[in-house]
Structure formats: structure tokens, C-alpha cells
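These notes are about the structure you will find just below.
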Amino acid sequence: MTAHASLPRRAAAELIGTAGLLVVVIGSGLQAAELSRDTGVALIANSLASAIGLGLIITLFGPLSGAHLNPVVTLTSWWARRTGGEGLGGREAFVYTVAQTAGAIGGALLAETMFGRTPGTFSTQVRDGGHLLIGEVVATAGLVLVIQGLGRIGRPRLVPAAVAAYIAAAIWFTSSGSFANPAGTIGRSFSDSFTGIAPQSLPGFVAAQLIGGILGLALAALLYGKGNPSGNGSGSGNGASRTAKPVPVETAVPASLPGTGPADGASPTKAAYEPVD
């Protein structure tokens, strides 16, 4: 299945898809915190809801825009085109990134409003410490490797399920909780909940995610070779090929956005996930 979509329609898909992802991530976190004071139970619920929602969003929007939902994924698509493969041009990548960021902020505000909270309140969850930044590098590199790897071995249809499964696992095995999405990270700074991140923690996390994206591309090239690079999106869909041809259903993820990791430089312990009342 392919779709002929103009750039405005693809940008709208990225905005709506990223907004939906943030609603799922933040909304499920707020609901879990309300229903259980056990942070482990809350995190299980949040990670499962985030993974399921992410997989569905990628499946739905992948054929239209590639379902990048994540500036890192968009940048890997831009790089694929720069190196002779299919992917986004510079203008398209910029529009995608703006749409994703706007969608993430809008989704966060919607989730806060939906739960009767004051929208626009910045998070107080400070997440600092070198070990958390390493966690973000690992989480983002793994995400890019999953998307690029499946694209290069010709199995892009597995991307929605594979990305969702990876994010569910990475939320637990990384010290940072696997934000792995600059747009999503910015959006989550607008939620003072256990899924949020304080604005002062944004520069370090975003920088770590960009480094992770570069590392993921390097690992994909090392393992699968440089030939026939694919500009698959967040999921892994080729948002747009070098020509204005139909967009293949090679969805790639977002966004890895759902994680909720330790705050205040603490190790991944219960205290790191304490809900914010």
C-alpha cells in the first residue's frame, strides 16, 4: 500500500501522530499514578500503554508520512538521501521537525487538560547525571539501529511491532527511561508528572539523543553495509523519496518517546519514579 501525500498533509500527519504519542505517554503515566502508589506497577502500565499506542500510531501514519514522530528519525532519513538513498530533503526534514515539536507540546497540554490539571505547567523532574545521558545515547542508538536494520534487510513491515517492543524494553533497561526523542522530550517538559523532565535537563538529553542517532547510523552501516540506505521513518516509512513517488509503507518509529527514567541523577530505583502530586 502506498500513498501520494503532499508535504502539508505529511506534516499534518507528523503533528497529529506525535501529539497522539504524547497523549498516550503522559496520559497513561497520569492514570497509572492515580490508580497505584506502587511506582513499579505504574511504570509497567505506562510502558505497556506507550508501546501499544506507539505501534498503532506507526501503523496508521506510516503509509502517509513515514510516521517519524521523532526528529532523530527524520534526520536519519535526511542523511540517507544525502548519501544516495531514499529519504527527505532538507526543507522536508525541517518541516517534519517543526511539526513533531509542535505536536509534542500540543499533546502534552492536551493530556494535562484531559486529567483536570493546569496545562502549561513545566516539569520539576530534574534528570541530570552522566549515567542518564549514557542511557539516552544507548536508547536512541538502539532505536535507530532497529529501524535502519530492518529497512536494510528488506523487512520494513516489521517496524511497527519491532519499534514498539524495543521501546517497551528500553524504558526498563536504560537508566534514563528511554526518552530517545527530542520532540517528545521537549513536550514532556510541559508535564509536571513522573513522565516529565525539567526544562534545565533538556539540553543534555537532546544532545545525547543526537549523539545516539549518529551512533545508530554508524552501527547500521558497520553491520549491514552502506549500500541501499533507507530513509525510513519513526517507524520507518520513507516519508518521501528523492522523487515525488508514492511513499512505501516502511514505517519506522517515532519516536522513542515513551520512557520514564530516574530523576535527580539517581540510579534507576523506586525513588526515581515517584509520582509528582
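Just so it is clear, none of the values below were taken in a lab; they were calculated from the coordinates. Note that the structure is a prediction, hence the values are computed from the model and not measured. Quick reminder, even Gly has a Cβ in these numbers, built from the backbone with ideal geometry, and neighbours come from all protein chains shown.
Odds and ends about this structure:
- When peptides 83-93, 41-51 are ranked by their average number of other Cβ atoms within 10 Å per residue, the highest-first order is 41-51, 83-93.
- Each residue of region 9-18 is assigned a 3J(HN,Hα), and the resulting list reads 5, 5, 5, 4, 5, 5, 5, 5, x, 5 Hz, derived from the Karplus form 6.51 cos²θ - 1.76 cosθ + 1.60 (θ = phi - 60°), x at Gly and Pro.
- The label point for residue 38 and the one for residue 207, both projected 7 Å from the Cα toward the Cβ, are 4.0 nm apart.
- Over region 7-56, all Cα pairs binned in 5 Å intervals from 0 give whole-percent P(r) values of 4, 23, 23, 19, 12, 9, 5, 3, 1, listed from short to long.
- Here region 58-210 is treated with +1 on each Lys and Arg Cβ and -1 on each Asp and Glu Cβ, and its dipole about the Cα centre works out to around 380 debye.
- Pairwise centroid distance, computed over Cα atoms, of region 42-116 with region 158-223, Å: 12 Å
- Using R0 = 41 Å, the C-beta based FRET efficiency linking residue 126 and residue 226 works out to 0.55.
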